[in-house]
Amino acid sequence: MKLCGFEVGIDHPFFLIAGPCVIESESLAIETAWRLKSITAKLNIPFIYKSSFNKANRSSHTSFSGLGIEEGLRILEKVRQEVGVPVLTDVHEDTPLPEVAKIVDVLQTPAFLCRQTQFIQNVANQGLPVNIKKGPFLAPWDMIHVVEKAKAVGNHQVLVCERGVSFGYNNLVADMRSLVVMRNTGCPVVFDATHAVQLPGGQGTVSGGQREFV
């Protein structure tokens with residue numbers, strides 16, 4: 001599968017999706033994008049910049065969730081044009097999808113919305129590659145049904161993303177077998193190495209994590 005000008009999938013090199021989880025400021029977004037571009041260029045790693053204009057699934061309503069869609073998209077567009085890197089961002093059920101699709105190169109669906117049929121198909125209908133994150137509640141072999149929903153509307157540029165599976169309360173583990181299982185969907189597999197070691201809600205009003213395992 002061709003993604004942002006390079007090939008991804010089996011027998012193709014590792015590629016990196018990275019950036020601040022949520023856009024905090026224009027200066028930080030630009031600085032981070034330049035730094036990541038420099039590092040990946042030296043290592044010859046294909047790179048896609050990722051950041052969210054809005055995080056709709058924070059543990060607490062008082063937590064910072066982004067700068068909003070208008071300012072967030074302006075910054076993502078500036079990163080794309082000024083730094084010269086492809087851009088990925090996640091979208092939600094209330095996101096004006098065509099507006100976002102004009103700015104970014106790849107759309108990402110949140111893990112907790114992977115079962116929402118109409119949402120998945122609406123995102124797939126935008127004509128961009130889609131990175132579908134597997135919910136921590138979903139078996140890896142069930143991702144084939146999610147993929148089929150996206151492909152049913154004519155989008156075959158689909159990636160599937162492992163981001164950990166629920167292992168009791170406030171805990172995720174990464175079952176590496178799922179990478180092989182999800183490969184059977186026929187889609188390139190992405191591994192979210194940071195969310196896979198998250199401790200959801202593990203610090204009360206915020207989620208913690210185990211950075212030593214990244």
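The values are calculated or read from the model by the stated rules, or taken from the named source; none is laboratory data. Computed from a predicted structure; not experimentally measured. Here the Cβ positions follow ideal geometry from the backbone for every residue, glycine too, while neighbour counts run over all protein chains shown.
Test VAL158 against the stated conditions and say whether it is of a type in the set (A, V, I, L, M, F, W, C) and more than 26 Å from GLY5 (Cβ to Cβ).
no
So which residues in region 129-170 are within 14 Å of the chain's Cα centre (by Cα), small (Gly, Ala, Ser) and either farther than 15 Å from THR117 by Cβ or surrounded by 24 or more Cβ atoms within 10 Å (Cβ to Cβ) (or both), if there are any at all?
The answer is GLY164, and nothing else.
From LEU88, LEU159, LEU73, LEU107, grab the single residue that is assigned to a helix (DSSP H, G or I) and within 30 Å of THR32 (Cα to Cα).
Testing whether each residue is assigned to a helix (DSSP H, G or I) and within 30 Å of THR32 (Cα to Cα) leaves just LEU73.
Tell me which residues, restricted to region 189-214, are modelled with pLDDT of 85 or more and part of a loop (DSSP other than H, G, I, E, B). Can you show your working first?
Narrowing region 189-214 to residues modelled with pLDDT of 85 or more: 189-193.
Selection gives ASP192, ALA193.
Table: residues versus (1) at negative phi; (2) at pLDDT 95 or above; (3) small (Gly, Ala, Ser); (4) buried (at least 18 other Cβ atoms within 10 Å of the Cβ).
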residue	(1), (2), (3), (4)
CYS21	yes, no, no, no
ALA29	yes, yes, yes, yes
SER38	yes, yes, yes, no
PHE53	yes, no, no, yes
ALA56	yes, no, yes, no
HIS61	yes, no, no, no
GLY66	no, no, yes, yes
GLU82	yes, yes, no, no
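So which pairs qualify, if the first residue must be in region 82-107 and farther than 20 Å from LYS133 by Cβ and touching a residue at least 40 places away in the same chain (Cβ under 8 Å), the second must be of a type in the set (A, V, I, L, M, F, W, C) and in a strand (DSSP E or B), the Cβ gap must be under 8 Å, and the two must be at least 6 apart or on different chains?
If the second residue must be of a type in the set (A, V, I, L, M, F, W, C) and in a strand (DSSP E or B), the pairs left are VAL85/PHE47; VAL85/ILE48.
Output the residues belonging to region 171-189 that are within 29 Å of LEU128 (Cα to Cα), of a type outside the set (Ser, Thr, Tyr) and buried (at least 21 other Cβ atoms within 10 Å of the Cβ).
MET182, CYS187, PRO188, VAL189
Condition first: over 21 Å from ILE17 (Cα atoms) and part of a loop (DSSP other than H, G, I, E, B). Now tell me which residues in region 162-188 satisfy that.
PHE167, GLY168, TYR169, ASN170, ASN171, ASN184
Scan region 113-123 and give yes if some residue there is assigned to a loop (DSSP other than H, G, I, E, B) and touching a residue at least 40 places away in the same chain (Cβ under 8 Å), otherwise no. Spell out the reasoning first.
Taking region 113-123 and keeping what is assigned to a loop (DSSP other than H, G, I, E, B), we get 114-116.
Checking the rest, the ones that are also touching a residue at least 40 places away in the same chain (Cβ under 8 Å) come to none.
No, because not a single residue in region 113-123 is assigned to a loop (DSSP other than H, G, I, E, B) and touching a residue at least 40 places away in the same chain (Cβ under 8 Å).
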